Amino acid sequence: MNLRTALAFAVGPIATAALGLVTVPVIAWVFPPADVGRLNIVQIAVSFGVLLFGLGLDRAYVREYHESADRAALLKACFAPGSALLLLAMLVTAPFDDRIAEWLFGVGHVAYFWLLLACVATSFVSRFLSLILRMQDRGAAFSISQILPKVLLLLVVTVIAASNIHTTFVELEAAYFISLLSVLITYGWNTWREWSPAIRAPVAPAQVRGVLAYGTPLIFAGVAYWGLDATSTLTLRSLSNLPELAIYSVSMSFAGVGVVFQTIFTVLWAPLVYKWVAHGVDMRRVDTIAKQALAVVCAIWVLTGAFSWLADFVLPAHYAQVKYLMLCCIGQPLLYTLSEVTCVGIGITRRSMLSLWSTLAALVVNVALSVWLVPAHGAAGAVVANAIAFLVFFVARTEASAYVWRPFPRARLYMFVTACVGLSIATLVFGPRLPVHFSLVWLALLPVAFACFRAEWMGMYQSLRVALKPQPACPQAEGGPGALP
């Protein structure tokens, strides 16, 4: 993948994060905290639906893409089982729409349930269409599809605010659905040449069984990861209250710079590493990339700590905790991204069950800590539990990869990420009482973060220079264009 393609993929997450820094405060000002908390429940439910009904076959599509002779048939084989299961689930849950709405949102409004189903179905289809753009290195189309929903969500919420009407959660959920629908339409338009042949492509039962054999363990790993990701939301919903859930949700949204890094990296990394495997590339280069990823992770973490106080200027007063919570929140996307590099051996060796056990270990830690901390500390307890659980997740995946693939240096990785998690928790606990503003402490760590990774920064700089250097044109044969030999 060349630099231009990588930058095209990067534009979407960067612009999305920038728009999120505008959209989240607007939503926080227009809608009450309870509705902001309900929106977080919708987002968690949508992610669960995509993970569960995807049956791990989205990962199977990425894994087999470069080695498949008929990619239209591969797409159909990966999409069909999950779509059938999703339709069945919708039919089974429809008679209980009011009860499910009451359980999830605290209000038995059936419109909440049906809008949620529409969001899940839309996101499920979009997930598979987005994989086509990823695997074909169509970064510009991918980025546009990410930016458009944020723009539409911001526009709809702004119109609602300007209309000065009485706002309810229906308006907010409908705005979120419109943003997801715009993604589906854009993906569908950009990939119709690929998905239309898949409708008519013949698929052998053996091919479906093959992708299911790879994806089935990932079903459980995916659901376990969703549980790891959703534990904070579920415990806050059941053991605390919706305003605390709103504080947690906004804190996670303001950790968007980590999500940008996660999105860019994961979009580029999985297709690239499996292409290397298919072409027999020396995989020792993964060690260098892991060190460089660690440098970027530490730099983002320290910069977030130094400037998190800016959140106070764009949020209502009852979100004052956000500047302390977001440091623990940013650990989730950063540790996940770093683990995608260090656990590459699991995917290469197709030992996907190890992903399940690694995730389950972190899930147990998250549930135990959340049940202990959330009732007394609310959102603060949830983010601490989340940060520690994702540290366990990172270590477990890394150790599993080293065991089944090949050993690689890990002590330095563990030392730095543990320090970042520990400092984030210390900021949350002691930040409000520090005699020196906590951001100055993080700012003082910035030169340390760059000094400790001098070699990695120089390596990335040299790679960037090479990538930006104009390539020499191929010399023409004597006699000029069109000359006969």
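The values are calculated or read from the model by the stated rules, or taken from the named source; none is laboratory data. Predicted, not measured: the structure shown is a model, and the values here were computed from it. Protein only, heavy atoms only, side chains kept; ligands, DNA and RNA dropped before computing areas. Shrake-Rupley method; radii C 1.70, N 1.55, O 1.52, S 1.80 Å.
Apply the a/c threshold of 1.5 to the C-alpha gyration tensor of the range 311-470 and tell me whether it is rounded, prolate or oblate. It comes out oblate by the Cα gyration axes. For the chain, compute Rh as the Kirkwood radius over C-alpha pairs and then the Stokes-Einstein diffusion coefficient at 4 °C and 1.567 mPa s; write the answer in µm²/s, rounded to an integer. This corresponds to a translational diffusion coefficient of 54 µm²/s. Accessible-area rank, largest first, for Tyr319, Tyr225: Tyr225, Tyr319, with all protein chains present and a 1.4 angstrom probe.
Expressed as a whole percent, the accessible surface of the range 61-138 that belongs to carbon and sulfur atoms is 67, based on a 1.4 Å probe. With the convex hull drawn around the C-alpha atoms of the range 373-446, the volume per residue stands at 92 Å³. Give the shape of the range 140-247 as rounded, prolate or oblate, defined through the alpha-carbon gyration tensor: a ≥ b ≥ c are the square roots of its eigenvalues, a/c under 1.5 means rounded, and otherwise the shape is prolate if a/b is larger than b/c and oblate if not. Oblate. Rg/Rh for the range 46-119 stands at 1.14; both radii use Cα atoms, and Rh follows the Kirkwood definition. Surface exposure of the chain, expressed per residue as accessible area with a 1.4 Å probe, stands at 45 Å². In the chain, helical runs assigned H by DSSP with n ≥ 4 each contribute -39500 (n - 2.57); averaged across all residues and rounded to the nearest 500, the mean residue ellipticity at 222 nm is -27500 deg cm²/dmol.
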